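Shown next, in structure tokens, is the structure this report addresses.
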Amino acid sequence: MGFRTLEEVKAYRAARAFKLEVYRLVKSRPAAEGDHRFRSQLFEAAASAEVNIAEGFRRYGAGDFSHFLRISSSSLEEATCRLQDGIDRGYFTKADCRQALELADEAARLIVGLIVSLRKFRSTSRSPLIGPPVRNTPSDTDDP
């Protein structure tokens with residue numbers, strides 16, 4: 001295992017897909033979108049899952065990365081709990097949330113797998129990164 005870019009981390013991509021699905025879901029339901037406190041708390045929890053993976057990735061050490069992955073896992077749990085709260089409030093149905101919950105489960109599974117795989121690096125103080133991290137930059141062909 002080794003990563004040069006954050007986008008190579010499957011757990012990151014899964015957490016991002018979950019966040020985007022949560023955004024889509026809330027924006028499709030006026031009652032949920034209109035409850036500014038609910039929306040803000042749900043969006044923050046969903047975004048935190050992705051952001052903590054990114055922050056841990058930039059820490060360069062397996063121990064720090066694992067720590068932030070655990071925080072990310074907790075944020076996923078909080079976001080799924082808030083989705084359930086949205087169901088309880090009548091903003092969504094279980095069917096509405098099915099895709100988001102499946103994405104959260106996938107992200108959680110990948111996060112746990114990554115934490116387990118990082119254990120071998122923690123005992124040796126090696127980094128899971130291959131060389132210095134590389135930022136993806138928009139190419140000349142990317143749309144603005």
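The values are calculated or read from the model by the stated rules, or taken from the named source; none is laboratory data. Predicted model only: the values in this text are computed from it and were never measured. Because the Cβ atoms are built from the backbone with ideal geometry, glycine has one as well, and the counts that use them run over all protein chains shown.
Of the residues making up the range 58-90, just one is of a type in the set (Phe, Trp, Tyr), surrounded by 14 or more Cβ atoms within 10 Å (Cβ to Cβ) and more than 17 Å from Ala46 (Cα to Cα), namely Phe65. Determine whether the range 65-80 contains at least one residue that is in a loop (DSSP other than H, G, I, E, B), touching an Asp or Glu at 6+ places or on another chain (Cβ under 8 Å) and not hydrophobic (A, V, I, L, M, F, W, C). No, the range 65-80 contains no residue that is in a loop (DSSP other than H, G, I, E, B), touching an Asp or Glu at 6+ places or on another chain (Cβ under 8 Å) and not hydrophobic (A, V, I, L, M, F, W, C). Mind listing whichever residues of the range 86-107 are among the hydrophobic types (A, V, I, L, M, F, W, C) and either outside any helix (DSSP H, G or I) or touching a Leu at 6+ places or on another chain (Cβ under 7 Å) (or both)? Residues satisfying the conditions are Phe92, Cys97, Ala100, Leu101, Ala104, Ala107. In the range 36-53, is there at least one residue being touching a Pro at 6+ places or on another chain (Cβ under 8 Å) and assigned to a helix (DSSP H, G or I)? The answer is no; no qualifying residue exists. Comparison of Leu83, Leu110 shows that the only residue that is touching a Cys at 6+ places or on another chain (Cβ under 8 Å), in a helix (DSSP H, G or I) and modelled with pLDDT of 95 or more is Leu83. Within the range 4-22, residues that are touching a residue at least 40 places away in the same chain (Cβ under 8 Å) sit with their Cβ atoms under 7 Å from residues that are β-branched (Val, Ile, Thr) and part of a loop (DSSP other than H, G, I, E, B), at 6+ positions apart or across chains, in these pairs: Arg4/Ile130; Arg4/Val134; Thr5/Val134.
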